[in-house]
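Below: one structure, written as structure tokens.
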Amino acid sequence: MRSRNPVFSRRGFSRDNGYAGFNTAPQAGGPAVATQANPYAQPTGNPYAQNPYAQQDLQYGAPPQAPATAGRMTLDDVIVRTASTLGLLIVTAALSWALLPVDDANISRSYGIGIGAALIGMVLALVQSFKRKPTPALILTYAAFEGVFLGVISSIVDNRIADGAAMQAVLGTMAVFAGVLVAYKAGWIRVNRRFYGFVMAAALGFILLMAVNLLFAVFGGGDGLGFRSGPLGIVFGIVGIILGACFLALDFKQVEDGIAYGAPREEAWFAAFGLTLTLVWIYMEFLRLIAIFNSSD
């Protein structure tokens, strides 16, 4: 049964369906032929695509192409919704940077507001992650609160640790996005079931280690186990960026599958949500790395 959590399942994979080229589909009047597994398909077929040519597509080993109807997700839908989510995040980040000063007299208050916004954003993200359908208002609200947190934390790093850190982190995030997109479209990254399992296992281990480090920092003081500072912090920061790049590849696969198999237009909000989560992850890892490098000077 496929997980309903888009953060972990990426909604493009399922335990029972597998991945492209690993399944066979019986065809009427002929033997089974290898075909690409449809992550949206049910035992009776794809409930989203009423395509009279779907069986013909399967017989030739090609993924069924959904008809261009108003109710189907398109690349433009994904781009517009992702731009809306990221645009709102950037606006609230800029406002929090401008309106929440981080000088000695106000840093505690601004930092507290940023942490509060981060916690609210995390709760909203978890709620949306376990919902079966996307809620645009919930996703946009998450983006707004996440932007407040990013604006505060970026201002602190930029003004008190490393001048220009925020812009460097933005450029790094854009470079990773562009690099993964080119590699994915060129076929250098093959997003298959093994790739998915490796990324999920690595991400789970990474998150658990960071959680343990945070607990030691909260109750023991200092930097905890040192996973987020010093030489170990640099290593784990690089690992975090690599994991973020892998999640970008999964996001691209999710979008590609959704368009190919005629997912409903509302699924574009899930794609925008996943891309926003991944880009925030990568940006934070870059910002942390920049702060570590400048703290060691």
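Table: residues versus (1) in contact with a strand residue (DSSP E or B) (Cβ under 9 Å, 6 or more places away or on another chain); (2) part of a helix (DSSP H, G or I); (3) not charged (D, E, K, R).
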{"residue": "Leu204", "(1), (2), (3)": "no, yes, yes"}
{"residue": "Leu225", "(1), (2), (3)": "no, no, yes"}
{"residue": "Gly237", "(1), (2), (3)": "no, yes, yes"}
{"residue": "Ile242", "(1), (2), (3)": "no, yes, yes"}
{"residue": "Ala245", "(1), (2), (3)": "no, yes, yes"}
{"residue": "Asp251", "(1), (2), (3)": "no, yes, no"}
{"residue": "Asp257", "(1), (2), (3)": "no, yes, no"}
Could you give me the residue pairs with C-beta distances under 8 Å whose first residue belongs to segment 194-221 and is over 15 Å from Ala245 (Cβ atoms) and assigned by TED's automatic domain parsing to the domain that holds Lys253, whose second residue is part of a helix (DSSP H, G or I) and not aliphatic (A, V, I, L, M) wherever it lies, and which are 6+ apart or on separate chains?
Leu209/Phe236; Met210/Phe236
Which numbered condition Lys131 misses (of (1) out of contact with any helix residue (DSSP H, G or I) (no Cβ under 6 Å at 6 or more places or on another chain); (2) assigned to a helix (DSSP H, G or I))
(2)
Considering every residue within segment 134-151, establish whether at least one is in a loop (DSSP other than H, G, I, E, B), under 30 Å from Leu99 (Cα atoms) and of a type outside the set (Gly, Ala, Ser).
yes
Selected residue (only one of Arg228, Arg190 is among the basic types (Lys, Arg) and surrounded by fewer than 16 Cβ atoms within 10 Å (Cβ to Cβ)):
Arg190
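Listed here are the residues, each with its yes/no results for (1) out of contact with any Ser or Thr (no Cβ under 7 Å at 6 or more places or on another chain); (2) at pLDDT below 90.
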{"site": "Ala34", "(1), (2)": "no, yes"}
{"site": "Tyr48", "(1), (2)": "yes, yes"}
{"site": "Tyr53", "(1), (2)": "yes, yes"}
{"site": "Asp57", "(1), (2)": "yes, yes"}
{"site": "Leu86", "(1), (2)": "no, no"}
{"site": "Leu100", "(1), (2)": "no, no"}
{"site": "Asp103", "(1), (2)": "yes, yes"}
{"site": "Leu119", "(1), (2)": "yes, no"}
{"site": "Val127", "(1), (2)": "yes, no"}
Could you check Gly262 against (1) modelled with pLDDT of 85 or more; (2) in a helix (DSSP H, G or I) and say which number it fails?
(2)
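The values are calculated or read from the model by the stated rules, or taken from the named source; none is laboratory data. As the structure is a prediction and not an experimental result, all values here were calculated from the model. When we count neighbours, we look across all protein chains shown, and the Cβ atoms used for this are built from the backbone with ideal geometry, even at glycine.
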